[in-house]
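Novice: Have a look at the structure that comes next, please.
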Amino acid sequence: MSSRRTLRLICGLAGGSAALVFAAAAAADSRGCFGEPSGRWSRFTVLQAAQPAWSPGSHTPAPTGHSWDFNWDKRDPSALTNGKKKDNAAEDPSSEQDNGKPKATRNILLIRHSQYNLSGSNDKERILTPLGREQAELTGQRLAALGLKYDVLVHSSMARATETANIISKHLTGPGVELLRCDLLREGAPIEPVPPVTHWKPDAVYHEDGARIEAAFRRYIHRADPKQKEDSYEIIVCHANVIRYFVCRALQFPPEGWLRMGLNNGSITWLTIRPSGRVALRTLGDSGFMPPDKLTRT
């Protein structure tokens, strides 16, 4: 095989390492190595020189942070029974623990409110824009199209979230979908973000909003009650900061990273909480059901 054909072959195999191959091949060719397989350089040697050094140890990321806390919601049955004194010595503690184990999965669909009037001087004036109402209709249609049996629709008491929830509820035709409002779900600044931002300074103090939003997390984000027999699908209509904080807390990510995520208006974020305490994020800010010209993030 000619040195030119060999060089083309090696370059094709090495991909982005063409410059390195050319230099090695040129040096080898000047020594007559392509024509002398028994020499100090060989075709295989040149090919090896073109490959990056690799070993499993150098490319395996090391685990960081803490291990998963299965009692993150303080509802792990084994933790609840530890240390309890039994009145009946013959009582089987494992049987009691099994009876107290959750058996159903909770699916929590977090909806960000639709676009609203940013120029409003107070909450009552910050109602949905015409586009915002259209976005809420699209979100309601999407939730209905999923064909799920929704158990409850909880919404923030702020005007934009309330209006979004009312529009969505018209599309949920299943029986027993209760509509509830909650002040804990109001927008706020959950915790000082890292990295810090200078262009945005919340009106409320972080520790005031943070305590309320954390209380909302503890109320709504947890594994199912042991009495719950079937999987549930619950809708919560609230705000971007609240949803982002919920996601970080539920996945046991650093909560101060909440501002690193962005959510479109009317988007759907889906958390699944298993009886074991495992949590999965099925979707984050899904808005693919909306036409591109309807997408906003205000």
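Novice: Using the scaling law 2.2 N^0.38 Å as the reference, what is the normalised Cα Rg of segment 222-267?
Specialist: 1.40
Novice: For segment 124-184 and segment 246-260, compute the distance between their C-alpha centroids and round to whole Å.
Specialist: Each part's Cα centre sits 25 Å from the other's.
Novice: Follow-up. In segment 165-252, which trypsin sites (Lys or Arg not before Pro) are in a loop and have at most 12 other Cβ atoms within 10 Å, using DSSP for the loop call?
Specialist: Hits after loop and neighbour filter: Lys170, Lys227, Lys229.
Novice: Sticking with this structure for a sec: Of all chymotrypsin sites (Phe, Trp or Tyr not before Pro) in segment 179-278, which ones are in loop regions per DSSP and have a Cβ with at most 16 other Cβ atoms within 10 Å?
Specialist: For chymotrypsin sites (Phe, Trp or Tyr not before Pro) across segment 179-278 that sit outside H, G, I, E and B with at most 16 neighbouring Cβ atoms in 10 Å, the list reads Trp200.
Novice: Using 10 Å bins from zero, what percent of all Cα-Cα pairs in segment 92-249 falls into each bin?
Specialist: Binned Cα distances yield the sequence 10, 34, 33, 16, 5, 1, 0.
Novice: For segment 235-298, what D do you get in µm² per second when you plug the Kirkwood radius from alpha-carbon pairs into Stokes-Einstein at 4 °C and 1.567 mPa s?
Specialist: Answer from the Stokes-Einstein relation: 103 µm²/s.
Novice: Note down the net charge around Pro130, summing +1 for each Lys or Arg and -1 for each Asp or Glu among other residues with Cβ under 13 Å from its Cβ.
Specialist: -1
Novice: Of the GluC sites (Glu not before Pro) in segment 164-250, which ones lie in a loop per DSSP and count no more than 12 other C-beta atoms within 10 Å?
Specialist: Glu230
Novice: Along the principal axes of its C-alpha atoms, what lengths does segment 175-272 span, in descending order and rounded to whole Å?
Specialist: Cα spread of segment 175-272 along its principal axes, largest to smallest: 47, 25, 25 Å.
Novice: Can you flag which of Lys124/Lys294; Lys74/Lys227; Lys170/Lys294; Lys170/Lys227; Lys124/Lys201; Lys124/Lys227 are past 28 Å Cα-Cα?
Specialist: Exceeds cut-off: Lys170/Lys227; Lys124/Lys227.
Read-outs: derived from the displayed coordinates by stated rules, not from any lab. Computed from a predicted structure; not experimentally measured. Please note: Cβ atoms are built from the backbone with ideal geometry, for glycine as well, and neighbour counts cover all protein chains shown.
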